[in-house]
């Protein structure tokens, strides 16, 4: 497990005065899993990292050690305003949040194509 994740998770929990038990309640993740991650025994999967980040009000990429700030907003992240607006729309869709959480260089058109493709795959799977 990345030491960045462990350190940042401990730090933000301390800063926000959130216990493992409280984080467990906010995320629906077992407290024992949170303890295992904090102690470096196991690595959380991406969906769990996302839940933790949302519960703590930070970005998943910050939690993993990639960003300088704790912001979970897309404002200022994308150069093109139209792309930023579409990214915000995707960020609010549960099935698309993780997919575009770190896609800074992708165009709005490419994002739309990816979403269309995913929706097509979902339709195909439901047949």
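Please treat every number below as a calculation from the coordinates, not as lab data. Everything quoted here is computed from the prediction, not taken from an experiment. Cβ atoms come from the backbone with ideal geometry, glycine included; neighbour counts cover every protein chain shown.
When 6, 34 are sorted by how many other C-beta atoms sit within 10 angstrom of their C-beta, beginning with the fewest, the order is 6, 34. Modelled this way, with points 7 Å down the Cα-to-C-beta line, the labels at residue 48 and residue 85 are 3.9 nm from one another. Fraction of C-alpha pairs exceeding 13 angstrom in segment 3-63: 56 percent, rounded to a whole number.
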